[in-house]
Every structure is written in structure tokens, then in C-alpha cells.
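Heads up, the thing below is written out as C-alpha cells.
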Amino acid sequence: MSLLSFLARRLALAIVVLIGLSILLFLIARVLPGDPARIALGPRAPEYAVEALRKQMNLDKPLYTQYYLWISSLLKGDLGMSLLSRRPVQDDVKEYFPATFEEVLLAAIILSVGGIGLGILAAKYSNSWLDGIVRIFAYLGIVTPAFVWAIMLLLIFGYWVPIFPIQGRISPGVTLPPVITGMLTLDSLLTGNWVAFWDTLKHLILPSLALAMAPMAQAARIMRSSMCSDLGADHVAALTAYGVPENRILTKYLSRLSLIPTISIMSLDIISLFAAAFVVELVFNFPGLSRYGMQAILNKDLNAISGVLLIFGVLFTLITILIDLIVAYLDPRIRLQRKSI
Amino acid sequence: MKTFNLNATWNSVKRSIYKFSRNKISVVGFFMVLFVVIVAIFAPFLAPYPKHAGAFVDYKNASQPPSLAHPFGTDVFGRDILSRVMFAFRGALIMGLGVIAMIVPIGVFVGLIAGYYRGTWIDTVIMRITDIFITLPALILALAVAALLRPTLFNSMMAVAFAWWPWYARLTYGMASSVRNEVFVQAAETTGASKAHIIFKEILPNCLAPIFTKMALEIGWVILVGATLSFVGLGEQPPTPALGTMVSDGAKYLPHQWWISLFPALAIMFIILAFNLFGDGVRDMLTTEEV
Amino acid sequence: MYSKNLRKFGVVLVVSLILALVASCGQAQPSPTASSPSPTASSPSPTPTTAPYTPKAEDYIIRSTEDWPTYIDPAVGNDFSDSISLVNLYDSLVFPTPQGEIEPCLAEKWDISDDNLTYTFTLRQGVKFHNGDELTAEDVEFSMKRLLTIGEGFGYIFSPYVQDCKAIEKYKVAITLKKPFGPFISALPRFYILNKRAVMENIEKPGPYGDFGDYGKKWLLTNDAGSGPYKVKEMKMEEYLLAEKFDDYWGGWDPDAPKFFKLSATSEPATEFALFAKREMEITSELLPLETYNSIAKLNGADVVAFLNGNNFNIMLQTKKPPTDDIHFRKALAYCLDYDQVISNIYPGSVQSQGPVPTVIPGHDPNVFQYHRDLEKARAELAQSKYADKLDQYPVTLSWCAEAPEEEKVALLFQANAAELGIKVEITKKPFGSMIADAQSPETTPNASLIFVASHYAEAGAMLMSRYHSSNCGSWEQCEWLQDPEIDRMIEDSLATVDQQERFQKYYAIQEKIVDLCPTIYVFDQAERRAYQSAYVHWLPGEAAKTNKVYVPIMGYGMYAHDMKVWPEKRAELLSKP
């Protein structure tokens, strides 16, 4: 069975799941008490204005019609009006999503490089003091919630060793790069604005680090244990007997293998990075989609909540499919299987 | 494949305990968990100022750094932090154990049904429903649900349970659907055993090991999600102490009054570490290595 | 191929990245002076050994933070951050002075008809809007119609009274009232004038207001149509408002006045402290915890001042929801609160409130009854209430505002005090946006809400109207749902009285009656506490507080940036010291 049909099946599945998610969110939003039109216009707005808005929001039609209209406007890109910002949710999303995206991207890079690197190091020097340090760090890292990491980093780098900024995306006085992708680091890079690039990168480091620490510890641990157990395997003994240098074995043969379970875990980890960002962005006052989602949740801004959850739902489904594809490619056993998965 | 037979004799139980005790780290974990449980249960007797965990304020004594009278210092309301941390262990334990106790029966039951009826529409419907839930990470779903309800301990437990149960359903489904095709199950069917008997007496016992393992390992994570919820204000309300709330309250006063955040944060890490080590030990105990 | 070379390369890459980062940190900050720092912090002359500091335009900036959200539409905004923005972006017909009087602003003079129902204003000529248009009577007429139609924000002050607003000539406008409105001129600063042409060009149709579409509400979320000293440069709805100087402002400019004014949403006290210490904020909000102000006070060149600002802090009791619907229950709560602990330990500098009107507001009744902590009386009152023996079935739900962390201290104190009577209080921390939403219906409003309230104009009637008149029910300023027809009548009658003495007497009667009904626990008159960079900023309220001069601020006018001064060279000097 080819990669293509695998992809097709997963996509079909994903669409079904997303439809289900949208129904769930729609029901939650409609079932809760409160008149959305009145809430949107405020308590002192004249009644005729509220009526007009109610008609505009289609609140007088039956539930399934409302759902159909909601979905069709969703597909056109209209996610409704946010209570807090008083502007369309999709505008808010366009503004805040790139911030979270580049934050998570940097965190993913840190956690992959760091986790895999540490894992390989610990496996190579297993049972030495280096291994011990890595293992202790791994345990502590895993049990520390992201928000505790965020506060610790805030304390260390915000006050005791103040080398990184502790809030926002860019320092006042640094000119913003023109909006190409919305990701400040990328945009500054593309336009050759080095000052802005370093500045925005520095603003990203603390939130990304806080996000990356726990999963990095986890990845290091899994990488290490998977490589350690593989080190004892027969084919490794054979390779050593043939005179292949140890480093070569580690990186060329073993890493590939150990990479598979690590990468599968990492897909879940990257998704949970977005989740952890909800609290980390709050601590660092980082204006990303997760902080927007968190504030929408705390303020019961229903349109914003369902908009953010749907965006994340679509995003996570895509990420899962992507990672599954990568794993399927890497693991010949899956790739060459003829049976369905 | 790693398997375990739960039709235990007393000897095999003794063997498992012995095996557990050989692993030093797991034993440490066990005693840490024991410590947490004892502190939680006996907090009113162990805490130096049990009244401070209730409706109590003393602004003259506010923001005192750690001292002999107050080993963890006092918070901005004048309450002893050590006593409050001890009482906060209760909320954490109730969250961890309570949520697991809620979702395991439900999740396992649903998974069993889906696994037994594997290949039929029942299976497809149930699995698609769980798919919807696991699209979003548990934390995000729990946050959204908790925010829509009134903030109490029970509601935050409900929110976490709502987000977490599908994982047990899927795990059980995986095990059940493979066990379902085993020979002894088919034998039972042929001899006319009822569906209930097959599901609960034949299939279930063979799924238990991974379920128990997952339970033991996950208590720590549930507590972590609970702490995150209370960090943003969605758990117990004052004056009841909650570890996440104490950390977020103290964060306002960094770096000058560092003790208000630090000790609850260390307590969170301690509890999660305890359950993690213990859970690792349980996992090692319940699985046998294949040579 | 792989292995050693790859690993080495990776290490080199990472190390060079780190080095580059650390190096760039050094570049971004101003280079420290090599010479010894000047001997005293207040010495004004810059140290001579470095190259002379040439300030850029953006250094002439005043940055402050305030409670969010902020609505800069004059027909929508009515809260602190809204007022601060409106005061700087727009002008009104008259302007309130720091001494508590009214002086002409856009109107040079005005005449009042004998029946007190028609006010004719002669407008100043040559006033420009931010887009260059000239301000005429047509704009005034448009602005009033818009304010009354939309009905939000400060509209409620004028809608019971204003019949019509007509442009009689190009620079003359007549406002006719339905009935006499004594404090009309005092209230007029809240009527901000918009540019009719600019708004009409940006309305969206279809909208709830018929031909006027959405009346420009969407556009005015992020833009301004004003003539005030500052105009909107950037408005990020979730984060900040950045306003820049309007050079053609009719009121002229002091050379040291700020060229930029930035109002941001408050963040964590730790972050605010850090920003202030790095001199990236000039005036803090008034919402920081006491510990943070004390830490700031230790910094060089910073002053922490507190002044009675005409706001008071209330525990608003929901009179339509059990158990606070019982007057004896409410009085029991009023008698059990430890007011002294609040004033001495939580909000030092404040004074205990005496009734619903703050003591500095004209029209305050100096003889109105004041509750004090008395557990005997509290228990006696509780015994008379119908919930006396069912206390655990009727918990008191309480909300406090997440953006003001100190409120939690009052909430917990209230909870501890109430527990002494056996009353259970359930505390919830809510973002202010949530409290606004909860206040909209009696079902969602909690039993007790902790809210700071400001007077919208400098008379007791303003407070009484916004706080207790049933036309303002559903607003966050009225979580009591009092809806008492007698009080409504008394308030309307007082506001219709043109003679000030008579009016004030009527205010006194209202205050006494309200305190009798005990719908609110009046905790304290707020001493607004802010820290500001006194070394390089001149801020009138700060100076007045230090010298104990009279300062009667109306909400928002304390932050009128046009009258502030900032000296960037002094800021640079402060930063260059260790």
C-alpha cells in the first residue's frame, strides 16, 4: 500500500474528526446562557440595535440552519466577532498566530537538537558522571511544569542575569520589519534587518526555552534508553566486530532507529508545546495566539474560543499526519507493509 | 510482546513486590508517595498553623521571609506558607486519584465495548468520537471546559476527566481487539458464554496490565494539569490552598519576595517526581522482559 | 560525512550563536560612561565626558499602563483607560481645571436661557481636527446625536436631559434640554466632539443604525476623529494605544511637552517594576501591590505619590439576590468588616469612606452615617435577617477584579470577617471584562462585587446618578440592582435643580437615604498611588501631591499628557549610572 493511499485515508479521517469537533464547539457555544447580541452591543444599547444584530447573527433561525450558516462562513474564513477585541476573530488570529508559530518553532528546534544531542551523549558515555547528570536533568525536567520553568527563567534571566528581555516580541525603538509572514524573526532575516532579527530572537528565547525544557528532558530520556538498549543488540556487536568506529555506529546506524520512537513522541510533544504556550505566554506577556486563547477562555469570549480551538484542531491534525508520514517513510517496516494500517 | 498474567497466586504477588523492592529508585518513589499521602491526610495535625489554610488573614505579618517561626515564610496575606503547602497536598491528591478513578472505569468500559464489537459500526462510531477528543491536547480542552464552568475543585476535575478519558478507551480498545481474537475467547463463545462474561471475565483480565501501568504513570501528569488549571485560577477558590494558585500568586512579587512562589513550585515538582518514580517502578514490576 | 565533523560543526554553530547574542546585548543598550557618576541623583547637568546626548523624537514619550480593555470611541468608552485616551485624543466644549472649576475649551462663551432649558455655545474659530478639517457647529450637532443614539459610554449622563442639539450658525450651537439639568456645565467635559465628515466616510453598512450603518463604531475602535492634542498612531486593541503629538493643536505646545503618549495594558507587577527600573515606563498604573511601590521607591529618581482622587472602593451588594436581598443581612456585613485593617495595612493613605460620595467631591454630605466594625451590632442585625439560621445554604458569592491584585487582600479579609459571623463567602477572581459581562443581568451578578468607582464629573450628583439611578442598571458601576423608584425620583429632582445650594441639600438627603438602605459597603476613598520618574518627568498631580496642593481630578484628566513635560537627556543620564 503506497504512501499516497495512506495519506488519502488519513486526510479523510481528519475531515470527519474536524467536523465532529466543530459540532461539539458549536453546541457548547449555543447551549450556554446569555444573549450573544446583547452581550456584543452592551447593556445600554437601544433595543432596536440589538434586534438588528440578532437578525444579522442569524439567532432567530433553527439550530441546524445556524450550524450550516456558521460552517459556511467558517469555510469562507469568517470566524465571528471577538468580544474583547471587538473585531473579527480571523483578524486577531492572523495577527497573533505567527508569534506563537515562531515561538513553537524555536522551541521545537531547541528540544530536538537538545533532546537528541543529550540523549546520544548520555548513551555514549552511559554510566559515567555525564550520563548521571543528564539523567537527573531528565527526571527533574519532566516533573517540572512549563509554568514553573517559565517563572524560573523569568527570575534567572530577568533579574539575576538580565541578558534576555522578559516580555513582548520586540523592544520599543526597534523598527518592525515589513509584514511578509508575520513571523518577526523570519521577516527581519528576509529583509536583512539584523538589529530587528537579533532583538526579536532574544525576545523569543525565554518563552521558547520554557516551552522546550520539559519535552527536551523527555526526548533525551527516550533517546538515551532506546539507544542504550539497542547498543546491546546483535547487529551492533556485528558492526563492532567488523571494525566500524563507535561514533559512526552511534550516528549512522543507531540514531536512525532510535529516531523513530523519539519522533513519534515528538509529534505529541510539539502539539503539547502549543498547549503549554497558553500558560507560558501569559507569564511572559508574549502576544501570541495561545495567550489570546487563554484570555478568551478566561473572559468567556465564545467566538474567540471556538475560533482558536478550531484553528488548533486543524493545525494539530495536520501535524499528526505530517509526522505519521515521516515515521512511515523512516520505518521500512511500515513503508513496505502491504496490509492496511 | 510483554505480558503479565493477573491470575495471581500469593507467591507471584510476593515475587512482584520483591522485584519492585530491588529497584532502588522505585522504592524511593514509593516512600515519597507515602510521604505525600501521609502529609495530605494528617495535615491538620502536622501543620504548624492549620488555621492559616482557612479563612484567615494577618496583614501585620505579611511577606515575612523564611524564619524559624515560618520555615517557608508568610505570604502577602500573612499566612504561613508551610502549612498551606501541606493542606494543598490534599487538593493535588484528590485531583490525581479522583480523576483517574473517574475516567478509568468509563474509558475502559467504552474501550472494551469497542474492542469486542471490533469491525462493526459500534467500533467505528466510538473510535471516531475518541478521535475528536484527542485532536486537541488534554490541557487545552481541560482549560476550555474548566473556564466555562464555575471554578471549583470538582469542576476542574470534571474538565480534566472530560479531556483525558479517551486515552484509556483507545488503550483498552487496542488491547481488547487483539485479545478478542485469541483462541480462548473463541472457545468461550463456542461453549455459549454470555457477552458479559466474555467481556469482563475473559478479555478484561488480559488488558489490565497496561491499564494499571498507565494509571500509575499518569497520576503525576493529572496532578500537573490540575496545577496548571489552578495556576490560571480555574481550581479551588480561596481560602483553600492550591499549589498552582500559590505559585501564580507569588509570581507577582518576584524577585523580592521569592519564597512565596518557590516553595509551592518545589512542592509541585516533589509530588510529580514521587508519582513518576513510583509509576516507573510499577511499570517495571508489571512487565516481564523477554530474553 | 556524519559523526565527528557534523558534531563539531554543530558545536561551533551553537557557540558562535551564543557569542553573537551576548555581543548584541551590549550593542542594544547605551554605552556606559567611563567616568564616575555624578554625586547626587537630582543633579540636572549631564556628565560631560561622554558625547552629548541628542534625543530623538521618540524619546519625548510618556508611557503608562492602565486596566484594559480600552475603547477610544467617545460614545462607547467610560472607564479609566477609556477616559485617559479620550481626554488626550478629543476636545470638549469646556475643560475641568485641576482646582475643580470649569473653563472654556472649544466653546469660548455660552449663554443660558431664562428657563434654563437652552444653552447657546459660541465656538472658537480655526480649531483643526487631526485630518485638517475645521471644527464647526455641525460637528457638535453630529457628535451629540451620535452619543445619544448609540447610548453607551457617557451617553447615559445626557440622554435623560438633552432634547436636541442644533447648529444655528457656523460657529454657534444650541443644546436644548427636556428639563433643567443643574450640573450640565460640570458634566459637559464628557461630551467629546468628533469630526462628522471623517466618521461618515468610515461607516459600515449594513448596520444597526439604519442610514448611519454602524455609526463608524468599527472604525473608531482603532482610529480617532478628534481635535485633541494627540492623535492615534497605533491602536493595538489587546495591548496598547500609541498616540503622537498633533502639531496644529489649537491650544499650542510647551517645548518640553511629550511628542508621544503610550498607554498599555497592565501586566504582572514584576514586569512593571522591571520596565520602570529600565526607565521604559514613566508613570505606573495605580493598581500595583504595595510591595511593588515600596520596591520602586528605592530606585533613583523615582517618586511614589498618593492623592485622593475622587474614586472610592465599594463592596457592592446585590440587593435582588439572596442572601444579600435582606437589609439586615447587608447591615450585618457592613458592621463586621475590619475597615481599619484595610486602611492601615492594605491601602495606606486612603481614608474610610463616608457614604457613597467621596469626601473631595463637591456635594458630599459631611454628616452621613459611617459604619464601623462592631461584632455585637453585626450579630444583632444578622439575628433579625431571615437567613440567620440557614447560613450554610446561602453562601455569599464575591468577585474581585483580577487586574487589581490588592483587591484579593480585601476579599480575603472580608471572607475572614464574615466567617466570624458564620457567613460563608465564596471568592472568585475575575478579569474586569468578565465582571462587566456579569453585571449585565441580575442573575449573573454575584452577591458582592469589589469595584473602584469614579465620579464622571465633579459633583455628587454624577456619582449618585451613575451608581444608583435605575437607568444605569446593567452597567458594571451598579452591581446592586437597587432600582428604587423613590431614590430615582430624588436623584432626578436634585439634578433638575439649578441653584447649587439647593441642589447640594438634595444631594445630602439622597446620601442619607441610601446609606440607610445599605446596598453597598463603602470601604475607602481611594488614595491613588502611582510611581513616576520625577527625575525627568514633570507631572502635575505628582507635584501637587508632594506639596499638598489642592488637586481635584476628574477620572482621566490626571493623565492629560499635553500639560506634562519630559526631558530625555535626564533619562539618558539616569540610565548611564549603575
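What follows is calculated from the coordinates using simple rules that are stated; it is not laboratory data. As the structure is a prediction and not an experimental result, all values here were calculated from the model. Note that each Cβ is placed from the backbone with ideal geometry, even for glycine, and that neighbours are counted across all protein chains shown.
Ranked by the mean number of other Cβ atoms within 10 Å of their residues, highest first, the peptides C:109-116, B:68-75 come out as B:68-75, C:109-116. Mind running the shape call on segment C:428-538? Use the C-alpha gyration tensor, a ≥ b ≥ c as the square roots of the eigenvalues: rounded below 1.5 for a/c, prolate if a/b tops b/c, oblate otherwise. Note, shape of segment C:428-538 comes out oblate. Highest mean packing comes first when the peptides B:150-159, B:76-85, C:515-524, C:99-108 are listed by Cβ atoms within 10 Å, giving B:76-85, C:515-524, B:150-159, C:99-108.
Peptide A:147-156 shows a mean partner chain C-beta count of 6 within 10 Å per residue C-beta. Annotation for B:Val125 and B:Phe200: the two label points, set 7 Å from Cα along the Cα-Cβ direction, are 2.3 nm apart. Take the Cβ atoms of C:Ala419 and C:Lys236, set R0 to 56 Å, and the FRET efficiency comes out at 0.80.
Once the C-beta distance of C:Gln393 and B:Arg150 is scaled by a Förster radius of 22 Å, the resulting FRET efficiency is 0.80 to the nearest 0.05.
Mind checking segment C:420-526 for GluC sites (Glu not before Pro) that DSSP puts in a loop (not H, G, I, E or B) and that have at most 15 other Cβ atoms within 10 Å? Within segment C:420-526, the qualifying GluC sites (Glu not before Pro) (loop, at most 15 other Cβ atoms within 10 Å) are C:Glu443.
With a/c under 1.5 counting as rounded, go ahead and sort the protein assembly as shown into rounded, prolate or oblate using the C-alpha gyration tensor (a ≥ b ≥ c being the square roots of the eigenvalues; past the cut-off, prolate if a/b is larger than b/c, else oblate). Prolate, since a/c reaches 1.5 and a/b exceeds b/c. Membrane-span-like helices of chain B, defined as complete DSSP H segments with a Cα extent of 27 Å or more along the helix axis and a mean Kyte hydropathy of at least -0.5, are identified as B:24-46, B:81-116, B:153-179, B:208-231, B:259-286. For segment B:101-255, taking the reciprocal of the average inverse distance between every pair of different Cα atoms yields a Kirkwood hydrodynamic radius of 17.2 Å. Most tightly packed first, judged by the mean number of other beta-carbon atoms within 10 Å of their residues, the peptides C:159-165, C:445-451 read C:445-451, C:159-165. Here the Karplus curve 6.51 cos²θ - 1.76 cosθ + 1.60, taken at θ = phi - 60°, turns the phi angles of segment C:353-358 into couplings of 5, 10, x, x, 9, x Hz, with x standing for Gly and Pro.
Would you work out if chain C is rounded, prolate or oblate? Take a ≥ b ≥ c from the square roots of the eigenvalues of the alpha-carbon gyration tensor; rounded if a/c is under 1.5, else prolate when a/b is larger than b/c, oblate otherwise. Verdict is oblate for chain C.
You can think of it this way: the chain between C:Gln370 and C:Arg489 has 40.4 nm of extra reach, that is 0.36 nm per residue less the Cα-Cα gap. Once both labels are positioned 7 Å from their Cα atoms along Cα-to-Cβ, the gap between A:Tyr125 and A:Ala241 label points is 3.1 nm. Looking at segment B:211-291, which GluC sites (Glu not before Pro) are in a loop (DSSP not H, G, I, E or B) and have at most 12 other Cβ atoms within 10 Å? Answer in residue order: B:Glu289, B:Glu290. Counting Cβ atoms of other protein chains within 10 Å of each Cβ in A:278-286 and taking the mean gives 4. Take every DSSP beta bridge whose two residues both sit in segment C:307-528; close to 65 percent of them are antiparallel. Computed 3J(HN,Hα) for segment C:538-543, one whole-Hz value per residue from the Karplus formula 6.51 cos²θ - 1.76 cosθ + 1.60 where θ = phi - 60°, is 9, 10, 3, x, x, 5, glycine and proline marked x. Close amide H pairs (under 5 Å, H built 1.01 Å from N) link C:Val425 with C:Val396, residues at least 5 positions away or on another chain. With a Förster radius of 30 Å applied to the beta-carbon distance between C:Asp256 and C:Arg197, the computed FRET efficiency rounds to 0.35. Model label sites at B:Gln186 and A:Val314, defined 7 Å from Cα along the beta-carbon direction, differ in position by 4.7 nm.
How high is the relative contact order of chain C? Use alpha-carbon pairs under 8 Å, at least six apart in sequence, and give a whole percent.
20
Counting Cβ atoms of other protein chains within 10 Å of each Cβ in C:394-403 and taking the mean gives 1. Its relative contact order, with pairs defined as Cα atoms under 8 Å and 6+ residues apart, puts chain B at 28 percent. Using the Karplus relation 6.51 cos²θ - 1.76 cosθ + 1.60 with θ = phi - 60°, the per-residue 3J(HN,Hα) values for segment C:70-83 come to 10, 10, 8, 7, x, 8, 10, x, 8, 9, 4, 5, 4, 4 Hz, with x marking Gly and Pro.
Based solely on its DSSP helices, what 222 nm [θ] is calculated for chain C when runs of n ≥ 4 H residues each add -39,500 (n - 2.57) and the sum is averaged over all residues, nearest 500 deg cm²/dmol?
Roughly -9500 deg cm²/dmol at 222 nm, from the helical runs in chain C.
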